[in-house]
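Below is one structure, written out as structure tokens; the observations come after it.
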Amino acid sequence: MCRHLAWLGEPVSVASLVLDPPSGLMVQSYAPRRQKHGLMNADGWGVGFFDGADARRWRSASPLWGDASFASVAPALRSTCVVAAVRSASVGMPIEPSASAPFSDGTWLLSHNGLVDRAVLPAARHAESTNDSALLAALIFDRGLDALGDTIAAVAADDPNARLNILAGNGSRLLATTWGDTLSVLRRHDGVVVASEPYDDDPAWDEVPDRHLVEVVDDRVHLTPLKGS
Ligand code: GLN
């Protein structure tokens, strides 16, 4: 189980989203507050952001708290759309940079919080690694993000124990699902944050109910119940 965060709004620095908040992903890498599975997220991290139409990524298989180079550069990385994650690898999964979210098909950046039996995932074309999250990301890219809700409901039907929280962005839109784990939304004056857990104690954070699809376009947030809920 991991923790993830996405931003859509005015240009802001990656550091202001990931490193600076009192309970941001940096702190969540060693002391998450709402994580139900796993104690900490020390098996890697990844930050993806849109630079115009280009999705750029920086991923690692090491703990986020030990990366002084990233901490030095992150204040200078500014974007209108960011997807970031810290990873707690599930038992038996590889620990390598390509197993860390965000995964990408060149158009979307996508993260998975959770666990799914790899045996129920149909073969997809271009998985970046052999961990469940990379295989699930490849399947979602194959089916298309417009089918995200249907894909999640279908995978859940085949693996009733699966936890399938997805968070994705394409530069102009964020999509997320809740299926077995926490997710919160913060509407700010300059944009919207969607995150596994609040990065501070602002009372404006709203919890997303389980088994929902979240869509963010501009400053509008839409919630739809998922099939099978
Ligand atoms: N099942 C995931 C993995 O090992 C666990 C991390 C996560 O929640 N994405 O890749």
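The values are calculated or read from the model by the stated rules, or taken from the named source; none is laboratory data. Note that the structure is predicted; figures quoted are calculated from it, not measured. Ideal geometry is used to build each Cβ from the backbone, glycine not excepted, and the neighbour counts take in all protein chains shown.
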Among the residues of the range 62-89, which ones are crowded, with 18+ Cβ neighbours inside 10 Å and farther than 15 Å from residue 25 by Cα?
-> 77, 79, 80, 81, 89
Where residues in the range 95-130 are closer than 23 Å to residue 49 by Cβ, polar (S, T, N, Q) and surrounded by fewer than 24 Cβ atoms within 10 Å (Cβ to Cβ), which of them is farthest from the ligand (Cβ to nearest atom)?
-> 107
What is the one condition in (1) outside any helix (DSSP H, G or I); (2) within 20 Å of residue 35 (Cβ to Cβ); (3) of a type in the set (Gly, Ala, Ser) that residue 133 does not satisfy?
-> (1)
Test set (1) away from the ligand (no atom under 16 Å from the Cβ); (2) buried (at least 16 other Cβ atoms within 10 Å of the Cβ); (3) hydroxyl-bearing (Ser, Thr, Tyr); (4) over 24 Å from residue 216 (Cα atoms) - residue 29 fails condition number | (1)
Qualifying positions in the range 88-101 - part of a loop (DSSP other than H, G, I, E, B), of a type outside the set (Val, Ile, Thr) and free of Cβ contacts under 8 Å to residues at least 60 places away in the same chain = 89, 92, 93, 94, 96, 100
State whether one or more residues within the range 12-25 are under 16 Å from the mean Cα position of the chain (by Cα) and within 16 Å of the ligand (Cβ to nearest atom).
-> yes
In the range 131-148, residues that are among the small types (Gly, Ala, Ser) and crowded, with 20+ Cβ neighbours inside 10 Å total 4
Scanning the range 179-199 for residues that are among the polar types (S, T, N, Q) and assigned to a loop (DSSP other than H, G, I, E, B) gives 182, 196
Inspect all residues belonging to the range 103-110 and state whether any of them is closer than 17 Å to residue 2 by Cα and either in contact (Cβ under 8 Å) with a residue 40 or more places away in the chain or hydroxyl-bearing (Ser, Thr, Tyr) (or both).
-> yes
Looking at (1) more than 20 Å from residue 43 (Cβ to Cβ); (2) within 15 Å of the ligand (Cβ to nearest atom); (3) within 17 Å of the chain's Cα centre (by Cα); (4) not in a helix (DSSP H, G or I), which is the one condition that is false for residue 161?
-> (3)
Name the residues in the range 1-53 that are among the hydrophobic types (A, V, I, L, M, F, W, C), under 14 Å from residue 182 (Cβ atoms) and modelled with pLDDT under 95, would you?
-> 1, 2
State yes or no: is residue 85 touching a helix residue (DSSP H, G or I) at 6+ places or on another chain (Cβ under 8 Å), assigned to a strand (DSSP E or B) and under 23 Å from residue 113 (Cα atoms)?
-> yes
Check off (1) buried (at least 22 other Cβ atoms within 10 Å of the Cβ); (2) in contact (Cβ under 8 Å) with a residue 60 or more places away in the chain for residue 172 and give me the number that stays unchecked.
-> (1)
